[in-house]
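Asks: Here it is, the structure, as structure tokens.
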Ligand code: SF4
């Protein structure tokens, strides 16, 4: 049976921290592998520089720069005794412990926590995360891995508070642990000698992707005496450059839209007339709204290209005003840059519906809906997977429902809260 696994990227406690393309790559590799084995994977990033609740609570957006580098949120915290003599602020970098607690409370059904660790001297941030997990969800086992856990294994076992500590590459060990602890059968195990046999990392779990790390090799062919590379990875492994290029292309395109058209079957609105009459801008909008199907323009196409400038000149659409008072259906037909299947398209929407970025906005319907069923829904797109069509691999049609009044209002409220 599949398990709910919560990945945690803990805080940094330090005098300074700057995001030079820092990503918990090993943890996200584990996420991809666990998914491949049928498990549900979720993610809390304590370092998340875009966490919406931090902004909502009035914390200043950390300064971020092109290509994903920049500052983190931070709070000044007491220095450990051994660092008291240093005349600088000591900080927790990332979200507040209160928000971390709130995030944990959303995952009461978690079966196991996987906590990573980076620089060895950042361990106080790891310990704080584990302590809070134990307070909020005390019965759920915690596995600690990563660089600190590998390089300072005995220290981590003795002081971290984790139930299990993993040293070295975690892939095989985690799957074996799940098998031992909960009888989870391993359905897919990559070849440890072949980096190309690993599933891609679960990068979709990151709230906002502005750069991604791509693995080309693990370990190092040299043995500099001061370096821990050999301890972290005993062998030097390289990927096939063609597979690396494929992965770069995959993340760059992730289906990539060449061009697209939308048609929205849109309920009538206050911009239309109740009975036939003159309308200066759009003659059809002057016709009796509740008695006609009236083709018209849509602001959604313009709004989309403003939001995603790369679609400018490649995306347009129309609306068809229909005689229902609320509840609309969008129909998007797109030509993609790569070939896909219906299953892949629907899986992308399934994944999006679980991605924190789209959670509560995109949903995949399990029911056979009609327009009155979606009145009052807070989602902006309830995708009907049954109607996803793919012609010759790259011509795709997708339809999705939305409450054109309430869904819009919900997004507006969220935006106002952010501002
Ligand atoms: S310092 Fe470490 S990673 Fe760099 S060349 Fe030496 S062994 Fe390799």
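Asks: Tell me which of these residue 280 doesn't satisfy, since it passes every other one: (1) surrounded by 15 or more Cβ atoms within 10 Å (Cβ to Cβ); (2) free of Cβ contacts under 8 Å to residues at least 24 places away in the same chain; (3) away from the ligand (no atom under 16 Å from the Cβ).
Replies: Checking residue 280 against (1) surrounded by 15 or more Cβ atoms within 10 Å (Cβ to Cβ); (2) free of Cβ contacts under 8 Å to residues at least 24 places away in the same chain; (3) away from the ligand (no atom under 16 Å from the Cβ), the one that fails is (1).
Asks: Report the residue count in the range 283-303 for those that are surrounded by 14 or more Cβ atoms within 10 Å (Cβ to Cβ), modelled with pLDDT of 90 or more and not in a helix (DSSP H, G or I).
Replies: Qualifying residue count, the range 283-303: 5.
Asks: Tell me the residue from 128, 98, 103, 135 that is buried (at least 21 other Cβ atoms within 10 Å of the Cβ), at pLDDT 95 or above and assigned to a helix (DSSP H, G or I), please.
Replies: One residue alone meets the criteria, 103.
Asks: Scan the range 59-82 for residues that are within 20 Å of residue 128 (Cβ to Cβ) and without any contact (Cβ under 8 Å) to a residue 40 or more places away in the chain and jot them down.
Replies: If the condition is that a residue be within 20 Å of residue 128 (Cβ to Cβ) and without any contact (Cβ under 8 Å) to a residue 40 or more places away in the chain, then 59, 62, 73, 75, 76, 78, 79, 81, 82 are the ones that fit.
Asks: Scan the helices (runs of 4 or more DSSP H) fully inside the range 153-240 and keep the ones with 1 or more residues being within 16 Å of the ligand (Cβ to nearest atom).
Replies: Hits in the range 153-240: 229-232.
Asks: On to the next question. Restricting the search to the range 13-67, which residues are part of a loop (DSSP other than H, G, I, E, B) and more than 20 Å from residue 210 (Cβ to Cβ)?
Replies: Result: 15, 16, 37, 38, 39, 57, 58.
Asks: Pairs only if they're at least six apart or on different chains, beta carbon under 7 angstrom, first in the range 224-236 and farther than 16 Å from residue 26 by Cα, second more than 9 Å from the ligand (Cβ to nearest atom) and assigned to a helix (DSSP H, G or I); list them, first residue then second.
Replies: Pairs found: 228/151.
The values are calculated or read from the model by the stated rules, or taken from the named source; none is laboratory data. Predicted, not measured: the structure shown is a model, and the values here were computed from it. Virtual Cβ from ideal backbone geometry, glycine too; neighbours counted across all protein chains shown.
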